[in-house]
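In what follows, a single structure is set out as structure tokens and then discussed.
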Amino acid sequence: MSEYPQINEKDDFPKGKFAARSAVRMVVFQLLYQEELNPGSREQFSDTVFQNELPQHKPLQDFAALLLNGIIEKQEEIDKAVAEVALNWTLTRMTAVDRCILRLAAYEIMFTETPKAVVINEAVELAKKFGTNESAAFVNGILDKLSVNNKSANNQKG
């Protein structure tokens, strides 16, 4: 038995209909953070992490892979959008935790149909759990601006 507690205990996840998606977001965030600290680790470990953290649940593994691969594929576009609304902040000045949470949430806001309020709430919860005392407010403010900008951009397209 390991002397370290499991990171993803059952109590770490909110209860409710979409709690499993919260678990997926936490796993994807952890992989993004690991990639920040150890570039190249995502390719080596993501499939194993998905299988261990989301065992025998193919739809959740697929959702996790969609998020992770989408973030990596669209990272330049995501970073540009975040930088545009993060006044007086550069991505490199942000903590790695905040940056990873913002990339995850920005991807969902920009490229999925997940309700923006849900995305922001999930990101704020991750920031409370893993970030600094200021992370939740910082992430909330950035994503609120991004959500408004993204809504305006979508209205101009349609």
**OP:** Kindly indicate whether Val82 is over 26 Å from Asn38 (Cβ atoms) and open to solvent by less than 20 Å² (accessible area, probe 1.4 Å).
**Re:** no
**OP:** Kindly indicate the residue of region 122-131 that is buried (at least 16 other Cβ atoms within 10 Å of the Cβ) and not hydrophobic (A, V, I, L, M, F, W, C) and also nearest to the chain's Cα centre (by Cα) among those meeting that condition.
**Re:** Glu122
**OP:** For region 94-113, name all the residues that are assigned to a loop (DSSP other than H, G, I, E, B) and either modelled with pLDDT of 95 or more or open to solvent by less than 20 Å² (accessible area, probe 1.4 Å) (or both).
**Re:** Met94, Thr95
Original post:
Do you know which of the residues in region 56-88 that are assigned to a loop (DSSP other than H, G, I, E, B) and touching a helix residue (DSSP H, G or I) at 6+ places or on another chain (Cβ under 8 Å) is nearest to Ser22 (Cα to Cα)?
Top reply: His57
Subject >> Selection from region 114-135 of residues that are in a helix (DSSP H, G or I), in contact with a helix residue (DSSP H, G or I) (Cβ under 8 Å, 6 or more places away or on another chain) and not charged (D, E, K, R) >> reply: Val119, Ile120, Ala123, Val124, Leu126, Ala127, Phe130, Ser135
Original post:
So how many residues does region 15-44 have that are more than 16 Å from the chain's Cα centre (by Cα), modelled with pLDDT under 70 and either farther than 17 Å from Pro115 by Cα or not basic (Lys, Arg) (or both)?
Top reply: 5
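The values are calculated or read from the model by the stated rules, or taken from the named source; none is laboratory data. These numbers were taken from a predicted model, which means no experiment stands behind them. Methodologically, a virtual Cβ is constructed for each residue, glycine included, from the backbone with ideal geometry; neighbour enumeration extends over all protein chains shown. SASA here: full protein model, heavy atoms, side chains in, ligands and nucleic acids out. Shrake-Rupley method; radii C 1.70, N 1.55, O 1.52, S 1.80 Å.
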